[in-house]
Amino acid sequence: MYRFLWRLLPGGAALRLTIAVLLTGGAVAALWYVVFPWLAPRLPIG
């Protein structure tokens, strides 16, 4: 799967790595600021 995603990204290795890091950071930020705050009140933890 990761090989497929790596081939899907445009450019050379440096550009692909930059795009992959930015996409990963965007996904982490979306989870941190959108998904986790929405989910926190719905969890039966303390």
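Please treat every number below as a calculation from the coordinates, not as lab data. Remember, it's a predicted structure, so these values are computed and weren't measured experimentally. We place every Cβ from the backbone using ideal geometry, glycine too, and count neighbours over all the protein chains shown.
Observations
- Cβ-Cβ under 8 Å pairs, at least 6 apart or on other chains, segment 1-23 side aromatic (Phe, Trp, Tyr), far side outside any loop (DSSP other than H, G, I, E, B): Trp6/Arg16; Trp6/Ala20
- Scanning segment 17-46 for residues that are of a type in the set (Gly, Ala, Ser) and in a helix (DSSP H, G or I) yields Ala20, Gly25, Gly26, Ala27, Ala29, Ala30, Ala40.
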